[in-house]
Every structure is written in C-alpha cells, then in structure tokens.
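One structure is given here, and the rest of the page talks about it.
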Amino acid sequence: MWTKEELIKLGQICKKHNVIVVSDEIHQDLTLFGHQHQTFNTLSEDFKDFSVVLSSATKSFNIAGVKCAYAIIENQDLREKYLQRRLANNQQEISTLGMLATKVAYENGSEWLNELKNVLEKNITYIESELHQKTKIKVMKPQGTYLIWLDFSEYQLEDKVLDEKLAEEAGVILNKGISFGKAGQAHTRLNAAAPFSLIEEASKRLVETFKI
C-alpha cells in the first residue's frame with residue numbers, strides 16, 4: 001500500500017506537471033494486518049483540484065452483481081467534463097438495487113467487514129506459513145485485499161511449464177502472473193477469499209508438488 005508520505009510526494013509531482021490523478025480505491029476497505037488506507041484527495045486541499053477518486057462497495061462486500069460504483073470529483077470543471085464524457089458513453093445510469101445495496105453496505109456492514117478481514121488475515125497467514133516452511137515458493141504477503149502473489153522463481157520453470165505443473169500435478173488453477181506483464185514471469189496470483197477448508201487443501205497440494 002502507498003504510504004501517506006509517498007502519496008503526498010506523488011501529488012506534489014503531479015501538481016507541478018499539471019497531471020490529473022485518477023485514483024482507483026476500490027479495495028480501500030480491505031486493509032489488513034494493521035495497515036491503513038489513505039484517500040488521495042484528503043491528503044491536501046490542493047489535491048482536490050486535480051484528482052478523480054473511483055471506488056465502489058462491490059469488492060469489500062461481495063456485491064459485484066449490483067454494478068454500482070462512484071466517482072468523487074471536487075473540482076467543478078473537472079466534474080463537468082467527466083459527466084459529459086459519461087453521458088457520451090451512455091453510462092449515465094445505475095440501478096436502484098445497486099444504490100440501495102451500496103447504502104446498506106456502508107451504513108450497516110462494518111461488523112461483517114471486520115469479520116471478513118479476520119478471515120482473510122487467517123487464510124493469508126496460513127498460506128504464508130505453510131509455503132515458507134515447506135517449499136521454495138515466496139509469498140508476497142499483501143497489506144490489503146484478498147489477492148496473494150506467489151513467486152516460483154526459485155524453481156526456474158518457464159511460465160508454460162509452471163502453469164501445466166500447477167494444473168496437472170497440483171490440481172490448482174491460479175491467475176498467471178505473465179498475463180499482467182513481463183514482471184509477472186514465474187509468478188501467480190491466489191485468491192484468499194475462500195473457506196479455510198479450501199485454503200488448507202490448496203496449500204496442501206502446492207506443498208506436495210513443490211516441497212523442498
């Protein structure tokens with residue numbers, strides 16, 4: 001996660017060079033292990049003039065099907081340009097269900113969200129412990145969200161071979177890191193938002209296939 005100091009430095013650079021910041025903060029509620037989210041446009045009054053903050057309750061509360069998101073744009077001229085473009089793209093409507101679900105989630109979902117974060121921390125900690133102790137897979141422990149990056153570089157496998165080994169030998173299908181760009185070579189992404197029984201089984205299969 002970006003620290004407050006890092007975001008302020010970024011904002012100062014963008015202000016100096018007249019750059020508009022579009023800050024996607026859809027995972028803002030899913031901070032883990034004591035980390036804290038920093039909303040970009042709250043760090044300085046100046047940042048409100050050149051920022052667009054995008055977010056939604058859909059990730060945190062697992063309500064993606066209602067298709068409701070929002071933009072926070074405090075600069076009036078920038079907001080009017082955004083609204084004009086949205087209208088031109090025929091994206092001016094959202095569902096009533098989406099608005100109601102978002103409102104209910106934010107007003108009444110804090111207890112559920114806290115329980116979810118406890119589950120995610122338990123799952124992530126278990127995966128990290130198992131793979132660190134029993135394999136050469138490096139776990140990139142997330143500071144937020146339910147997505148874990150796994151680094152298989154120590155096994156020196158080509159991405160195609162790694163993918164086949166995961167699917168055919170381990171019986172585990174993960175997001176291919178290479179699909180996110182060259183930096184994702186020898187990496188995969190695992191979703192920890194699952195029942196603990198599935199996390200245990202996935203970890204067991206990875207350990208059996210990649211054990212030291």
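Quick check on segment 29-53: of everything there that is of a type in the set (A, V, I, L, M, F, W, C) and more than 22 Å from the chain's Cα centre (by Cα), which residue is nearest to residue 121 (Cα to Cα)?
47
I need the full set of residues from segment 144-187 which are of a type in the set (Asp, Glu) and either at pLDDT below 95 or over 30 Å from residue 29 (Cβ atoms) (or both), in order please.
Once the filter is applied, which keeps residues that are of a type in the set (Asp, Glu) and either at pLDDT below 95 or over 30 Å from residue 29 (Cβ atoms) (or both), segment 144-187 yields 154, 158, 159, 163, 164, 168, 169.
In segment 29-61, how many are touching a residue at least 40 places away in the same chain (Cβ under 8 Å), closer than 16 Å to residue 114 by Cβ, of a type in the set (S, T, N, Q) and not in a helix (DSSP H, G or I)?
1
What's the number of the condition residue 73 fails, among (1) closer than 30 Å to residue 122 by Cα; (2) crowded, with 16+ Cβ neighbours inside 10 Å; (3) aliphatic (A, V, I, L, M)?
The number of the failed condition is (1).
Considering every residue within segment 1-22, establish whether at least one is out of contact with any strand residue (DSSP E or B) (no Cβ under 8 Å at 6 or more places or on another chain), at pLDDT below 95 and surrounded by 14 or more Cβ atoms within 10 Å (Cβ to Cβ).
Yes, there is a match, as at least one residue in segment 1-22 is out of contact with any strand residue (DSSP E or B) (no Cβ under 8 Å at 6 or more places or on another chain), at pLDDT below 95 and surrounded by 14 or more Cβ atoms within 10 Å (Cβ to Cβ).
Give the residue that is farthest from the chain's Cα centre (by Cα), with candidates limited to residues of segment 4-28 that are of a type in the set (D, E, K, R) and assigned to a helix (DSSP H, G or I).
16
Condition first: surrounded by 17 or more Cβ atoms within 10 Å (Cβ to Cβ) and part of a loop (DSSP other than H, G, I, E, B). Now tell me which residues in segment 131-147 satisfy that.
137, 142, 145, 146
Go through 115, 154 for me and flag whichever is closer than 30 Å to residue 66 by Cβ and either touching an Asp or Glu at 6+ places or on another chain (Cβ under 8 Å) or surrounded by fewer than 17 Cβ atoms within 10 Å (Cβ to Cβ) (or both).
The unique qualifying residue is 115.
The values are calculated or read from the model by the stated rules, or taken from the named source; none is laboratory data. Everything numeric here is computed off the predicted structure, so don't read it as measured data. So basically every Cβ, Gly included, is an ideal-geometry build from the backbone, and we count neighbours across all protein chains shown.
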